Amino acid sequence: MRTYDTERTTLTPYLLFDGNCLQAMEFYRSCLGGELKVLKVKDSPMKDHMPAAHQEKVLNANLRSGLFEISASDWLHPDRTMARGNMNCLYLSGGALEALTGLFHKLSDGAEITDPLQQQFFGAYGALNDRFGVRWMFVTGK
């Protein structure tokens, strides 16, 4: 699992894949170098809350090399449609919960909140599509 910097919030591109996240991230590592960390659903506390068809999917992948970072996962919302436009998002992570909550609140103005900011097993998480259609995800450690 990833640890989050408690001193600062970072902005990272986050990519969503249709079941081929592991292959894509391994390809990016072969091109860009760096360290790749991958967590599958079956290896996480989410395994008991996900259907059998999701167990081999990637819950979170993180590629870090030098000054850049890419995060990704497979699409895990069977009740939502994956489509071009919602496969990329901006990922605000780390920092103090109060600061992240403030950013979530400000960006919520006119937004569609898809996942309210709330505590999960790994920390606080929330997501929204802002008034311009840009998807944002928010997460900080416990």
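The values are calculated or read from the model by the stated rules, or taken from the named source; none is laboratory data. Being a predicted model, the structure only gives us computed values, none of them experimental. Please note: Cβ atoms are built from the backbone with ideal geometry, for glycine as well, and neighbour counts cover all protein chains shown.
Counted as qualifying within the stretch 1-119 are the strands (runs of 3 or more DSSP E) with 2 or more residues that are at pLDDT 90 or above and either β-branched (Val, Ile, Thr) or farther than 19 Å from Gly141 by Cα (or both), namely 35-40, 68-74.
The residues of the stretch 45-64 that are aliphatic (A, V, I, L, M) and surrounded by 14 or more Cβ atoms within 10 Å (Cβ to Cβ), listed by number, are Met46, Met50, Val58, Leu59, Ala61, Leu63. No other residue among Ser108, Ser93 is among the small types (Gly, Ala, Ser) and touching a residue at least 60 places away in the same chain (Cβ under 8 Å) apart from Ser93. Filtering the stretch 29-42 down to residues that are over 11 Å from Ser65 (Cα atoms) and surrounded by 14 or more Cβ atoms within 10 Å (Cβ to Cβ), which residue is farthest from the chain's Cα centre (by Cα)? Within the stretch 29-42, the match that is farthest from the chain's Cα centre (by Cα) is Lys42.
Residue count for the stretch 121-139 under the criterion of being at pLDDT 90 or above, more than 18 Å from Ala72 (Cβ to Cβ) and surrounded by fewer than 20 Cβ atoms within 10 Å (Cβ to Cβ): the result is 1.
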